[in-house]
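A.B. asks: To start, I am sharing the structure in question, which I have written as structure tokens.
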Amino acid sequence: MQYGALPYRFTPNAALEILIVTTRQSGRWIIPKGWPIKGLRPPKAAAREAFEEAGVTGRIGAKPVGTFVYDKALDEAGVQATCEVTVFPLLVKTELEVWPESEQRTTQWVDPSRAEEMVLEPALKTLIAAFARRAAAAASKLAL
């Protein structure tokens, strides 16, 4: 079991953007995620991962936006474990220029459809699409 953050923000013209980050080993695009952290509730653990892996802080949602499963390489020999990631939304307020893993990872703000194209895990693609639909629906209600 892991916890992840789905960092997002709105541009000045109210367009939704998602922050994705590369993995340290393969360089594929993912969202910040990691193992449970002793003493931190799941949303706070997800927020900590977003800070460490992507250099962002903000308001973390208490309710998950979904889950996805992926196979994690545990060692150089190719031993893998299947991990289920519970994902919490993170409305980004601050973005740092230097953060704990800034030398090991690249981050990129993209629109949700581009994020779906860039990530490989099918369930993460679905989660991003569903989040974007909910955000668009909420934004349209606010505009009325």
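The values are calculated or read from the model by the stated rules, or taken from the named source; none is laboratory data. If you're wondering where the values come from, they're calculated on a predicted model, not measured in any experiment. We place every Cβ from the backbone using ideal geometry, glycine too, and count neighbours over all the protein chains shown. Surface accessibility is based on the protein's heavy atoms, side chains included, excluding ligands, DNA and RNA. Shrake-Rupley method; radii C 1.70, N 1.55, O 1.52, S 1.80 Å.
A.B. asks: Considering only residues that are without any contact (Cβ under 8 Å) to a residue 12 or more places away in the chain, open to solvent by 60 Å² or more (accessible area, probe 1.4 Å) and closer than 25 Å to residue 126 by Cα, which ones fall in region 75-94?
C.D. replies: Selection gives 80 alone.
A.B. asks: Looking only at region 104-143, which residues are modelled with pLDDT of 95 or more, open to solvent by 80 Å² or more (accessible area, probe 1.4 Å) and not in a helix (DSSP H, G or I)?
C.D. replies: Passing the criteria: only 104.
A.B. asks: Do any residues in region 105-134 that are within 16 Å of residue 33 (Cα to Cα) have Cβ atoms under 7 Å from those of residues that are among the hydroxyl-bearing types (Ser, Thr, Tyr) and open to solvent by less than 60 Å² (accessible area, probe 1.4 Å), where the two are at least six apart or on different chains, and which pairs are they?
C.D. replies: 105/22; 106/22; 121/70
A.B. asks: Also: For region 28-50, enumerate the residues that are over 17 Å from residue 125 (Cβ atoms) and in contact (Cβ under 8 Å) with a residue 40 or more places away in the chain.
C.D. replies: Correct list: 42, 43, 45, 46, 47, 49, 50.
A.B. asks: Follow-up. One residue is enough: does region 51-61 have a residue meeting the conditions out of contact with any Gly (no Cβ under 9 Å at 6 or more places or on another chain), without any contact (Cβ under 8 Å) to a residue 12 or more places away in the chain, of a type outside the set (S, T, N, Q) and open to solvent by 60 Å² or more (accessible area, probe 1.4 Å)?
C.D. replies: Within region 51-61, none of the residues are out of contact with any Gly (no Cβ under 9 Å at 6 or more places or on another chain), without any contact (Cβ under 8 Å) to a residue 12 or more places away in the chain, of a type outside the set (S, T, N, Q) and open to solvent by 60 Å² or more (accessible area, probe 1.4 Å).
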